[in-house]
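Read the structure below first, then the notes.
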Amino acid sequence: MNYNDKKFRPIVQSDNGEITADTIFHYQQKGNILTCNYSGTNILSGQLMGIVDEAGNIDMRYQQINNKGELMTGKCRSTPKINAAGKLTLIENWQWTSGDLSEGNSVLEEV
C-alpha cells in the first residue's frame, strides 16, 4: 500500500475530535515512512508522521494547532479498506496525548 500524494477528508468523527468535513489530509510516503500536512476550520496547522506496515495499516503520531491557539498531540492507528467506488477509506482509532487524553474514532475517505 502506498499513500504517496493521496488526499483524504473525514466522513465520520467522534465528538471529542477537532477535524471537520473541510479538513484535508495530504499524505506523502517514502518507503514505509508516512508524513502528512493538514488543516481545516478547527485546525490552523497539523502534521502527522507514521509507519506503514505490509498490509497498509498506519501507526502514527500527530500534532496540531487548533483555532484556539492550543497545541494538541495524539496517536492513531489507521486501517485501510477499499470502498464501493474503489477509493481508499481509513478506519481510525485515536487518542489524545494532550488535553483530556480521551479516545475517539474517525473515518477518512480518499478524495
With just the Cα atoms defining each centre, how far is region 56-111 from region 1-21? Give it in Å. 6 Å
Along the charge dipole of the chain, which of SER14, GLN29, ILE82 sits closest to the positive end, that is, farthest toward it, with unit charges on the beta carbon of Lys, Arg, Asp and Glu (+1, +1, -1, -1)? GLN29
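In Å², and per residue, what accessible area does region 2-111 have when probed at 1.4 Å with the other protein chains present? Walk me through the intermediate numbers first.
Values: 5970 Å² over 110 residues.
Here the per-residue accessible area is 54 Å².
Return one quarter of the surface area of the convex hull spanned by the alpha-carbon atoms of the chain, equal to its mean projected area, in nm². Intermediate results must be reported in sequence, preceding the final value.
Values: hull surface 24.6 nm².
The number I arrive at for the chain is 6.2 nm².
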Spin-label pair ASP100/ASN67, simplified geometry with 7 Å Cα→Cβ offset, distance in nm: 1.9 nm
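With all protein chains present, how much of the accessible area of the chain (probe radius 1.4 Å) comes from carbon and sulfur, to the nearest whole percent? If you can, show how the numbers build up before the last one.
Working: 3090 of 6060 Å².
Accessible surface attributable to carbon and sulfur in the chain totals 51 percent.
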Within the chain, longest stretch clear of exposed GluC sites (Glu not before Pro) (DSSP loop, no more than 15 other Cβ within 10 Å): 1-53
What do the square roots of 5 times the Cα gyration tensor eigenvalues come to for region 7-49, in whole Å, largest first, as semi-axes of the equivalent ellipsoid? 20, 10, 9
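Mind putting a number on the dipole of region 2-46 about its Cα centre? Charges go on the C-beta only, +1 for Lys and Arg and -1 for Asp and Glu, and I need it in Debye to the nearest 20.
On the way: 4 positive and 4 negative charges, 51 e Å.
With Lys and Arg at +1 and Asp and Glu at -1, about 240 debye.
Grab the Cα-Cα distance for ALA21 and ILE51, subtract it from 0.36 nm times how many residues apart they are, and report the gain in nm with one decimal.
On the way: separation 30, 0.36 × 30 = 10.80 nm, distance 2.51 nm.
Extra length available between ALA21 and ILE51 comes to 8.3 nm.
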Average projection area in nm² (convex hull over Cα atoms of region 64-111, one quarter of hull surface): 4.0 nm²
Hand me the trypsin sites (Lys or Arg not before Pro) from region 1-104 located in a DSSP loop with no more than 15 other Cβ atoms within 10 Å, in residue order please. LYS68, LYS87
Hey, what do the phi angles of region 60-77 turn into as Karplus ³J(HN,Hα) couplings, whole Hz, using 6.51/-1.76/1.60 and θ = phi - 60°, x for Gly and Pro? 9, 10, 9, 9, 8, 10, 7, 6, 9, x, 8, 8, 10, 9, x, 10, 8, 10
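The values are calculated or read from the model by the stated rules, or taken from the named source; none is laboratory data. Keep in mind it's a predicted model, so treat the numbers as computed, not measured. With ideal geometry, Cβ positions are generated from the backbone for all residues, glycine too; neighbour counts draw on all protein chains shown. Surface areas here come from the heavy atoms of the whole protein model, side chains and all, with no ligands, DNA or RNA. Shrake-Rupley method; radii C 1.70, N 1.55, O 1.52, S 1.80 Å.
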